[in-house]
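None of the figures in this text is laboratory data; all of them are computed from the coordinates on show. In this text the structure is predicted, and so the values were computed from the model without any measurement. Note that each Cβ is placed from the backbone with ideal geometry, even for glycine, and that neighbours are counted across all protein chains shown.
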Amino acid sequence: MRITKVTTRNGDSGKTGLARGGSVYKNDAIIHALGDIDELSSVIGVCNTACKNSSIVDQFKLIQNDLFDIGGQISLNEDGANIITSESITSLDNYIDQYNSSLDPLKEFILPGGDLFSANLHVARSVTRRAERAVVELYSDSLENNNVVMYLNRLSDYFFVLSRFYNKSENIPENTWKR
């Protein structure tokens, strides 16, 4: 697909076109899901600018590419398709296990924070949760074995564990909820 003109004025009436053809109002569930996925990719881009670890930068790039694939699947209305493979989910599981293996067990809820990078990982986590809710709403009739939903569920865990791992590696104390 080649985009030669960004401003088309086609959306000025409150509707937008879909890759599969046709158009929907911009408050449609499909547009909410696409917007949340797009916002998530942007937040990851912000995280990327502050990341000093090249292997994590590479992970972020893979995740952003997966998110573009998810957006394409949603825009084409291919809810039965699994553009996200089980290998992509397993990769996230492996990253989570790798980072989590050096962390102390949680005893209290953690307050988002640390430094700017870590705090933005928490923003990515919460935007992932919102995107997951939007996708669940969109695919409510086909949730069983839906790799996109599974991937987003894992991805929020990835950002949470990565934030904890990063804070520990930088000797940044975790702030916990005080009851």
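What the table below lists for this structure:
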item: Two-site label geometry, F109 and E137: point separation in nm, points 7 Å out along Cα→Cβ; result: 2.3 nm
item: Rounded FRET efficiency, nearest 0.05, which uses the C-beta distance separating K168 from D28 and R0 of 45 Å; result: 0.60
item: Of L40, V149, S118, farthest towards positive along the dipole that unit charges on Lys, Arg, Asp, Glu beta carbons give the stretch 28-169; result: S118
item: Computed [θ] at 222 nm, helices only, for the chain once each DSSP H run of length n ≥ 4 contributes -39500 (n - 2.57); result: -20500 deg cm²/dmol
item: By average C-beta atoms within 10 angstrom, highest first, the peptides 91-97, 105-111; result: 91-97, 105-111
item: Full-stretch length increase - N77, T90 - with 0.36 nm per residue and alpha-carbon distance subtracted; result: 2.2 nm
item: At least 24 Å along the helix axis (C-alpha) and Kyte average at least 0.5, DSSP helices within the chain; result: 29-50
item: Proximal lysines relative to K61, as straight alpha-carbon distance under 30 Å, when same-chain residues fewer than 8 apart are discounted; result: K5, K26, K52, K168
item: Set of aspartates and glutamates near K178 by C-alpha distance (under 19 Å), chain-local residues within fewer than 8 positions excluded; result: D104, E108
